[in-house]
Amino acid sequence: MTITEQELNAGYSQEQAAAYDREARSQYGDAAVDRSLACAKSLTKEQWTAYGVETKAVCEGLARLMDRHLPEDPEVQALVARHYRLIEVFHSPTAEVYAGLGQLYVTDDRFRQHYDVYRPGLADFLAAAMTHYAQHSL
């Protein structure tokens, strides 16, 4: 069985989910948002749970490496490659789009707060690592 709209938007009120949908459509267009939603809704509940587990593992791994490694370190880049694969579940970003997503993590407080929960400064570290990954691996 695939995930439901409620499971996809868990943690958000209906109003918040609708506002995020409008914002995404305004910024990226209906076609891109519809494709992304179709990909998400095609996941089984088990796949959606595994997606969350992998997301958490990547973020926790990056948080552990922040003060001992540079964003371009191979160990960091291996985790960023896993992050990129998570993004690929919804769309296949170009190098420019992936680096831009990293900048969004820094400039949009909602994303910054999401990543900095794992460790303060993680959004900045991840954005730098994503830029390096985009420039050297994509």
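Every read-out reported here was derived from the displayed coordinates using simple, explicitly stated rules and does not represent laboratory data. All values derive from a computational prediction rather than experimental measurement. When we count neighbours, we look across all protein chains shown, and the Cβ atoms used for this are built from the backbone with ideal geometry, even at glycine.
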Karplus 3J(HN,Hα) series, Hz, for the stretch 4-10 with 6.51 cos²θ - 1.76 cosθ + 1.60 (x for Gly, Pro): 9, 4, 5, 5, 5, 9, 4
Whether the chain is rounded, prolate or oblate, judged on the alpha carbon gyration tensor where a/c under 1.5 counts as rounded: prolate
Three-way shape label, the stretch 9-78, alpha-carbon gyration tensor, a/c 1.5: prolate
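Please work out whether the stretch 56-125 counts as rounded, prolate or oblate from its C-alpha gyration tensor, where a ≥ b ≥ c are the square roots of the eigenvalues and a/c under 1.5 means rounded, while otherwise a/b larger than b/c means prolate and anything else oblate?
Judged from the Cα gyration tensor, the stretch 56-125 comes out oblate (a/c at least 1.5, b/c at or above a/b).
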Value at 222 nm in deg cm²/dmol, rounded to 500, when DSSP H runs of n ≥ 4 in the chain each add -39,500 (n - 2.57): -24000 deg cm²/dmol
Under Karplus coefficients 6.51, -1.76 and 1.60, residue-wise ³J(HN,Hα) of the stretch 116-133 in Hz, glycine/proline x: 6, 4, 5, 5, x, x, 4, 4, 5, 5, 5, 4, 5, 5, 5, 4, 4, 4
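Can you work out the FRET efficiency for the pair residue 95 and residue 30, with r the C-beta to C-beta distance and R0 = 35 Å, to the nearest 0.05?
The formula returns an efficiency of 0.90 here.
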